[in-house]
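Right, one structure below, let's go through it.
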Amino acid sequence: MARGENIVRHTQAPPTRAATAVYVTLAAQILSLGALVLFETTRGRSLAAQLAAFGGRPRGAEAEAVVGAVTTFAVLMMVMAGTTIAAAAAYATWLVRARQVRDRSALAGPVAAAWLVPGVNLIAPVILVDDVWRAAEPPRERLGRWRLTLAGWWLSWLATLALVTIRLPLDSSAGDLTGVGPLELACAAVAAALCAATVHEITHVQRAALVRGPRRESVPLPAGDPAAEAATTTVRT
């Protein structure tokens, strides 16, 4: 390498389209969950009682009385599952690409492991997201708000996870179809909104970093070289 040659950390544009996909799929997920909760609240308990009275297999006139409600419930469940899968895929895609903004060699493996490995997925995802934000070198005055948003997102997500995986199975005797109610919907909505806020914040700071330009670092030169002092400083264009 020639003396005084600069090492340039190339950056690429933040994945704004992937971020938009996250916003859209999260909104769709919450809307579908809201529709399911509304059905559960207005029809779920009575439908569950009817199915229990019919032994789960209504026939004849009994089947006609519940077939519409059962079909509606099945459609709502499929839509809820589809939007959840879509939101998860959109978020994973965005996170992988956001990590590659500053490091194009970043692999998708750590993202998959962070979310899928039991135990690890309770802390690793939030660390990855924080690393992406810090890699964009945002202004220090944004740190406090970022910490609040990040902590709020992760705590609300863990609360939603606890409600779905712990409380609902314990409360299965309530006589509902799924047990999902306003509390679960509220926690999920807060988690989705704050998740979208973290995506927006990272996209914002990455755009700002792109406007500032790539960071250039000089290679140290031998002592006594006239260009040593200028070459050992970090320049931001």
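Taking (1) at pLDDT 65 or above; (2) under 30 Å from LEU210 (Cβ atoms) in turn, GLU5 satisfies each apart from (1). None of LEU161, LEU210 is within 30 Å of THR20 (Cβ to Cβ), touching a helix residue (DSSP H, G or I) at 6+ places or on another chain (Cβ under 9 Å) and either modelled with pLDDT of 95 or more or surrounded by fewer than 17 Cβ atoms within 10 Å (Cβ to Cβ) (or both) except LEU161.
So for segment 114-133 (the condition being at pLDDT below 95, assigned to a loop (DSSP other than H, G, I, E, B) and either of a type in the set (Asp, Glu) or over 24 Å from the mean Cα position of the chain (by Cα) (or both)), does at least one residue qualify? No - not one qualifying residue is present in segment 114-133. Cβ-Cβ distances below 6 Å connect the following pairs, each with a first residue in segment 126-142 that is farther than 15 Å from ASP103 by Cα, a second residue that is surrounded by 19 or more Cβ atoms within 10 Å (Cβ to Cβ), and a separation of six or more residues or different chains: VAL126/TRP154; PRO138/VAL205. In segment 93-113, the residue that is farthest from CYS195 (Cα to Cα) out of those that are outside any loop (DSSP other than H, G, I, E, B) and not small (Gly, Ala, Ser) is PRO110. Scanning segment 177-185 turns up no residue that is among the β-branched types (Val, Ile, Thr), open to solvent by less than 80 Å² (accessible area, probe 1.4 Å) and at pLDDT 90 or above.
Of all residues in segment 135-146, those that are assigned to a helix (DSSP H, G or I), modelled with pLDDT under 95 and surrounded by 14 or more Cβ atoms within 10 Å (Cβ to Cβ) total 2.
Does ARG216 satisfy the criteria of being open to solvent by 40 Å² or more (accessible area, probe 1.4 Å) and either at pLDDT below 90 or polar (S, T, N, Q) (or both)? Yes; evaluated as a whole, the condition is true for this residue. Taking residues in segment 180-198 that are free of Cβ contacts under 8 Å to residues at least 24 places away in the same chain, and partners anywhere that are open to solvent by less than 40 Å² (accessible area, probe 1.4 Å) and part of a helix (DSSP H, G or I), the pairs with Cβ atoms closer than 7 Å and at least 6 places apart or on different chains are LEU183/LEU163.
The values are calculated or read from the model by the stated rules, or taken from the named source; none is laboratory data. Because the structure is a prediction, the values reported are computed rather than measured. Positions of Cβ are generated from backbone atoms using ideal geometry, with glycine treated the same way; all protein chains shown enter the neighbour counts. Please note that ligands, DNA and RNA were not included when accessible areas were found on the heavy atoms of the full protein model with its side chains. Shrake-Rupley method; radii C 1.70, N 1.55, O 1.52, S 1.80 Å.
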